[in-house]
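**Student:** What follows is a single structure, and I will ask about it in a moment.
The values are calculated or read from the model by the stated rules, or taken from the named source; none is laboratory data. Small disclaimer: the values here were computed from a predicted structure and weren't measured. All Cβ positions, even for glycine, are placed from backbone atoms using ideal geometry, and neighbour counts span all protein chains on display. Ligands, DNA and RNA are excluded from the accessible area calculation, which covers all protein heavy atoms including side chains. Shrake-Rupley method; radii C 1.70, N 1.55, O 1.52, S 1.80 Å.
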Amino acid sequence: MSTIKSTVSVASIWTDFKEITKMGLSISVVFSSIAGYFLGADTVEITTLLLLCFGGYFMVGASNAYNQIIEKDLDALMDRTKNRPIPAGRMSVNAAFTIAVLFTLAGVATLYIINPKTAMYGAISIFIYTCMYTPLKTKTPIAVFVGAIPGAIPFMLGWVAARNDFGIEPGTLFAIQFFWQFPHFWAIGWFLHDDYKKGGFFMLPTGKPDKGTAVQIIMYTVWTIIASIIPVFGFTGDLKLSIVGAIVVFGLGMIMVYYALQLFKLRTPKAAKQLMLSSVTYITLLQIVYVADKFLS
């Protein structure tokens with residue numbers, strides 16, 4: 001009986017750890033960093049790649065833990081978050097804070113081993129997400145703009161890890177993921193609008209799921225595609241994209257535009273969810289196409 005209880009306890013602790021650090025989201029962010037690293041690296045160094053993976057996970061996990069500490073009372077009001085470890089009473093604030101601090105220190109130290117610039121941008125990401133984006137979410141829709149900054153850092157962070165330099169190349173990678181954040185998170189804000197209202201969050205640019213928000217979603221989707229194909233014109237230094245690669249990226253972007261237009265037409269939670277899913281598919285496949293294009297062209 002004690003063995004069963006111990007197994008259940010370990011399993012529940014692991015589940016709560018995954019939730020407090022948002023493991024799924026953290027891994028997707030690390031994926032972006034890996035893609036950026038492959039784009040910037042002349043020679044792939046396994047040690048650097050592993051440090052980037054662990055350091056990136058620590059940084060994102062820390063940000064998520066801080067976020068859940070700050071929003072614990074609001075999380076308890078919303079259906080999608082009320083079962084998180086802190087509002088559900090399965091984890092204390094002190095335990096979550098300990099995880100957040102340890103992850104912050106481990107993340108900065110791990111990324112610093114790669115190079116100081118990588119550690120600096122990682123630390124900036126935590127600061128903006130925790131100290132600016134999180135408190136602004138209950139005050140103004142501008143929070144999404146602020147949150148798009150740390151959200152766009154991982155893609156370019158990989159390049160900085162590979163080159164120890166920030167220039168037009170990682171700046172372009174940042175721009176792609178920065179513009180992408182808006183249709184992605186506004187789509188989430190749309191289909192979770194009623195739940196977000198319970199917590200007092202302002203996630204949509206007009207404050208509600210209306211035609212004005214849908215128009216802005218379309219605009220930022222188009223800007224995302226424009227930023228994504230700029231490397232084909234040869235203006236972005238060592239970051240290049242072949243014509244074939246640009247056509248593939250543009251085609252993927254048109255799928256996202258289609259769902260953005262569908263949201264404008266239907267203005268339903270289902271249409272917003274379809275746009276969100278298409279945006280995740282877009283950014284994932286874009287990164288794969290960029291990396292494949294570099295090594296196959």
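**Student:** Pick from K208, K265, K197: which is farther than 30 Å from A41 by Cα, open to solvent by 90 Å² or more (accessible area, probe 1.4 Å) and modelled with pLDDT of 95 or more? So that I can check it myself, show each step before the final result.
**Tutor:** Numbers: K208 fails: modelled with pLDDT of 95 or more; K197 fails: modelled with pLDDT of 95 or more.
Exactly one residue qualifies, and that residue is K265.
**Student:** A follow-up question, please. Would you point out the residue of region 269-294, among those that are open to solvent by 50 Å² or more (accessible area, probe 1.4 Å) and within 22 Å of D210 (Cβ to Cβ), that is nearest to the chain's Cα centre (by Cα)?
**Tutor:** L277
**Student:** Just one of the numbered conditions (1) β-branched (V, I, T); (2) open to solvent by 50 Å² or more (accessible area, probe 1.4 Å); (3) under 23 Å from P150 (Cβ atoms) is not true of V29; which one?
**Tutor:** Only one criterion is unmet by V29, namely (2).
**Student:** Given the criterion at pLDDT 95 or above, open to solvent by less than 10 Å² (accessible area, probe 1.4 Å), farther than 19 Å from Y133 by Cα and among the aliphatic types (A, V, I, L, M), identify the matching residue among I217, I230. It would help to see each step written out before you state the result.
**Tutor:** Details: I230 fails: open to solvent by less than 10 Å² (accessible area, probe 1.4 Å).
Just a single option satisfies the conditions, and that option is I217.
**Student:** Taking helices (runs of 4 or more DSSP H) that do not extend beyond region 1-102, which have at least 3 residues that are in contact (Cβ under 8 Å) with a residue 40 or more places away in the chain and under 30 Å from L286 (Cβ atoms)?
**Tutor:** Once the helices (runs of 4 or more DSSP H) in region 1-102 are filtered for at least 3 residues that are in contact (Cβ under 8 Å) with a residue 40 or more places away in the chain and under 30 Å from L286 (Cβ atoms), what remains is 23-40, 46-70.
**Student:** Regarding region 88-99, can at least one residue be identified that is open to solvent by 20 Å² or more (accessible area, probe 1.4 Å) and closer than 18 Å to I153 by Cβ?
**Tutor:** No, region 88-99 contains no residue that is open to solvent by 20 Å² or more (accessible area, probe 1.4 Å) and closer than 18 Å to I153 by Cβ.
**Student:** To continue, here is another question. Given the conditions (1) surrounded by 18 or more Cβ atoms within 10 Å (Cβ to Cβ); (2) touching a Lys or Arg at 6+ places or on another chain (Cβ under 7 Å); (3) part of a loop (DSSP other than H, G, I, E, B), and given that F166 satisfies all but one, which numbered condition is not satisfied?
**Tutor:** Failed condition: (1).
**Student:** Something else about it: Return the residues of region 139-167 that are touching a Ser or Thr at 6+ places or on another chain (Cβ under 6 Å) and free of Cβ contacts under 8 Å to residues at least 40 places away in the same chain; say none if nothing qualifies.
**Tutor:** Of all residues in region 139-167, those touching a Ser or Thr at 6+ places or on another chain (Cβ under 6 Å) come to 150, 153-155, 157-158, 160-161.
Once the filter is applied, which keeps residues that are touching a Ser or Thr at 6+ places or on another chain (Cβ under 6 Å) and free of Cβ contacts under 8 Å to residues at least 40 places away in the same chain, region 139-167 yields only I153.
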